[in-house]
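The values are calculated or read from the model by the stated rules, or taken from the named source; none is laboratory data. The model shown is predicted, which means the values in this text are computed figures rather than measured ones. In this analysis, Cβ positions are derived from the backbone assuming ideal geometry, glycine residues included, and neighbour counts consider all displayed protein chains. In case anyone asks, the SASA skips ligands and DNA or RNA and just uses the protein heavy atoms, side chains included. Shrake-Rupley method; radii C 1.70, N 1.55, O 1.52, S 1.80 Å.
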Amino acid sequence: MIDFAHKLLERGQCAVRILLLDFSSAFDTIRHKRLIQRLVDLGCPRWLVVWMVSFLSGRVRIVIIGDAQSGKTYMTIGGPQGEVLSPDLFTMETDDMTINNVLQQLVKFADDSTLVAAVSNKEEFDAYITSINNIADQCDEKGLILNADKTKEIIVDFSKGRRISSALPRTTMRGVEIERVACEKLLGFQLCEDLKPHEHINYRIKQANQRLFLLYRLRKAGLPRTALAMFYEQGIRSILEPASPVFHHALTVDDQERLGQVQRRAERCIRDGKVRASLQQRREEACAKLFDKMRERNDPLLPPLRAKHIPLYRAASNVADGQLTMLKGTKRYTDSFVPAQTRAYNYKINKDNIDANKRKLYETRTGTFSRALKKARVSL
């Protein structure tokens, strides 16, 4: 989603609006019959459809207030409370909601749906409002309820004085004006109007410092070092690493130092003598792992393979096999995940190629020297 927003901004003289949709009682609005029909339409195997029917059927609901108790009511709508399957069921319910506009993208994850659109002039603004109304109409057909009062909008506008966005009307959804915010939490990430991770880092470090206090208290209570290390790895480090591929390449030196300081303070408290990988190294490994997964599934976000150009005066190309085309643009764009990780991937490919050539050259020279030495011994 952020990569798509960066690409829209690279068009020049463009503003991007990010609409964070809010569903009222999302998991309680799943219609069982519609969901089963959706599974059939998706071509799911018969055993899965039968299993889902059995899972949703026969569930009753009872309301108890004090000594009063209502009668049993069979559930024909809504997912079971607390079930792991509820987000997946809601995802299947909204799977066919789409936007047919190359300048817009609808990103869906369970009950968190986000509309990203380029809105730079009156025509694009009208198309943006039309897409919002279409989403609301599709929700009405499915029995889903969009809450316009809790829906938020972030405007990314880097023009001087934000003149592009200020020249256009405010966004409305069926007559209700959408609230504009400078920063909002989305899937655990603090998304801001400048697309920088500084606010997210501040939020995460504040949480980590609160848990560091608990770590000191646990050490003072006499907990073994293994328990302290487990608390750090599962309770402190785990809140610093979510969404690391999103913000790693855009981190400033100061933010990297502040994140590393959290780990150093925790290690001074634990003092178990264990050498742990730095947070920066773990972020780089997470970025490389995600990038490899994207390459395995031929993700459309990735650039194509880099073409080899062999000059007439050179016997071979200076482009190693497997390198991707470099993505160019503003620093804001090149510091985002896909362009930055493409550079890191090409560097690794090139380094491996150079190391292989060095080994081959060393083996050739060693073999030549050994043959010459053996020939000299024979002549003697």
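For the residue pairs LYS7/LYS108; LYS108/LYS293; LYS122/LYS196; LYS108/LYS196; LYS7/LYS122, the C-alpha atoms sit more than 26 angstrom apart in LYS122/LYS196.
Among the listed values (1) 34.3; (2) 20.3; (3) 15.1, the one matching mean projected area of the Cα convex hull in nm² as calculated from this structure is (1). Net charge of the neighbourhood of PHE158, taken over other residues with C-beta under 10 Å away and scored Lys/Arg +1, Asp/Glu -1, is 0. In sequence order, segment 150-164 has phi-based couplings of 9, 6, 10, 10, 10, 10, 9, 9, 9, 6, 5, x, 6, 5, 5 Hz under the Karplus curve 6.51 cos²θ - 1.76 cosθ + 1.60, θ = phi - 60°, and Gly or Pro positions carry x. Solvent-accessible surface of the chain, averaged per residue with a 1.4 angstrom probe and all protein chains in place: 60 square angstrom. Across segment 192-199, computed HN-Hα scalar couplings (Karplus, 6.51 cos²θ - 1.76 cosθ + 1.60, θ = phi - 60°) run 10, 6, 9, 6, 9, x, 4, 5 Hz from first to last residue, x flagging Gly and Pro. Round to a whole number: what % of the accessible area of segment 1-113 belongs to carbon and sulfur, probe 1.4 Å? Carbon and sulfur together cover 54 percent of it. Sequence-ordered 3J(HN,Hα) estimates for segment 211-223 from the Karplus curve with 6.51, -1.76 and 1.60 and θ = phi - 60° stand at 7, 5, 4, 5, 4, 5, 5, 5, 5, 5, 6, x, 5 Hz, glycine and proline given as x.
Given +1 on the Cβ of Lys and Arg, -1 on the Cβ of Asp and Glu, and no further charges, what dipole in debye does segment 34-79 carry about its Cα centre, rounded to the nearest 20? Don't skip to the end; give the middle numbers.
Details: 6 positive and 2 negative charges, 23 e Å.
Charge dipole of segment 34-79: 100 debye, to the nearest 20.
What is the local net charge at ASP22, summed over the other residues whose Cβ is closer than 15 Å to its Cβ (Lys, Arg +1; Asp, Glu -1)?
Numbers: positive: LYS108, LYS150, LYS152, ARG174, ARG180, LYS185; negative: ASP28, ASP111, ASP112, ASP149, GLU153, GLU177, GLU179, GLU184.
Net of charged neighbours comes to -2.
Note on the chain: dipole from Cβ charges, positive end direction compared against LEU21, ALA227, ILE65; the farthest Cα belongs to ALA227. Bridgeable aspartates and glutamates around LYS289 (alpha carbons under 16 Å apart, same-chain partners fewer than 8 residues away excluded): GLU241, ASP299.
Using the Cα centre as the reference, give the magnitude of the dipole from point charges on the C-beta atoms of the chain (Lys, Arg: +1; Asp, Glu: -1; all else neutral), rounded to the nearest 20 debye.
Details: 62 positive and 45 negative charges, 551 e Å.
Computed about the Cα centre, the dipole is about 2640 debye.
Residues with beta-carbon under 12 Å from that of SER238, excluding SER238: net charge, scoring Lys, Arg +1 and Asp, Glu -1?
Working: positive: ARG204, ARG211, ARG237, ARG282; negative: GLU233, GLU241.
With Lys, Arg at +1 and Asp, Glu at -1, the neighbours total +2.
Summing Cβ point charges (Lys, Arg +1; Asp, Glu -1) relative to the Cα centre of segment 242-306 gives a dipole of roughly 240 debye.
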